[in-house]
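A quick write-up on the structure given underneath.
The values are calculated or read from the model by the stated rules, or taken from the named source; none is laboratory data. Model, not experiment: these values are computed from the prediction. Counting neighbours? That spans all protein chains shown, and the Cβs are built from the backbone with ideal geometry, glycine included.
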DNA sequence: CTGTATCCTTAAAGATACTG
DNA sequence: CAGTATCTTTAAGGATACAG
């Protein structure tokens, strides 16, 4: 967020995640990297972002450990790191939500596995395999909770 | 995004999703709603956001159909709609990513089902149940692809 | 092709005071 | 408690020109 607020300081992993990829362009650049783009100019054409802005975002994503610079210095490739690739479930979940709720189930992009089998809607489950929904999910203080967070969940 | 760019116009459900919840505060407010918060002042205290900003975000989330105003006019409740609840997998996926990669696996907030069974890391699979990873996922033009999107995927 | 350097614009966020 | 109304600040984004 612009003035004053720094999400990455909040005691919440969602806020910290948004501190790295919470701006409008980052997730779109990462999406393009999943599509296979790796050139500066390809990212630029795909999103239409201004070149100086793209350079700034790429630098930030590299600093965050999400992208890595490879290849020649004059004509580098931008590739996802393991940390970047780990964003796939979150990106797909957001994309699926957008497909259903913002694109009227008419997806601009279709997702499959290597054999062409369609990717199923992301769903939550317990380690035992039971489905978890918005109605059944519960939140509690975790090992990383600070006193304020712990107090917040203690009184519910 | 601020000047000029309007993500919701792009031919991509991820961009459209980010057009609704892509700013820094929206997902945190929605997270608080999942935690059970529903009062203006509770949202305000939880995130520390300025009151006028909070009012603006709540209004935008209601306009987007993600929150609904309930109860008395003078002391309303803000509740998640079905569309808002449908964001749970995306929020959990982002939170889990933040737990692992930005909080060193020391989660401030723990997720369980109603019986206390821990929520497993979100993973992708095909409708047939096969795991889908960053290495095996494939992208193609979907039914909602415009000519430019179709051409983009046609040449890969 | 891949950027960097400037300058400019603007929307988002903050602070503060006030109202029903 | 739940906002609204102003005013100010600022950082993100855009346009453009230039460089290796």
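Worth pointing out:
- Matching option when the condition is touching a residue at least 40 places away in the same chain (Cβ under 8 Å) and either in contact with a helix residue (DSSP H, G or I) (Cβ under 9 Å, 6 or more places away or on another chain) or farther than 26 Å from residue A:148 by Cα (or both), among B:12, B:106: B:12
- Residue A:48 being under 18 Å from the mean Cα position of the chain (by Cα), under 21 Å from residue B:16 (Cα atoms) and within 14 Å of DNA strand D (Cβ to nearest atom): no
- Test: residue in the stretch B:70-77 that is free of Cβ contacts under 8 Å to residues at least 60 places away in the same chain and under 14 Å from the mean Cα position of the chain (by Cα): no
- Annotation: residue A:37 fulfils all but one of (1) crowded, with 20+ Cβ neighbours inside 10 Å; (2) more than 7 Å from chain B (Cβ to nearest Cβ); (3) part of a helix (DSSP H, G or I); the unmet one is (3).
- Restricting attention to the stretch B:12-24 and to residues that are within 7 Å of chain A (Cβ to nearest Cβ) and modelled with pLDDT under 95, the residue that is nearest to residue A:90 (Cα to Cα) turns out to be B:22.
- Helices (runs of 4 or more DSSP H) within the stretch A:50-151 that include 2 or more residues facing chain B (nearest Cβ under 7 Å) and modelled with pLDDT of 95 or more: A:82-85, A:88-101
- When residues in the stretch A:8-19 are screened for being surrounded by fewer than 23 Cβ atoms within 10 Å (Cβ to Cβ) and within 12 Å of the chain's Cα centre (by Cα), 1 of them pass.
- All positions within the stretch A:20-45 that are more than 18 Å from the chain's Cα centre (by Cα) and more than 12 Å from DNA strand D (Cβ to nearest atom): A:39, A:42, A:45
- Failed condition for residue B:7, given (1) more than 7 Å from chain A (Cβ to nearest Cβ); (2) at pLDDT below 95: (1)
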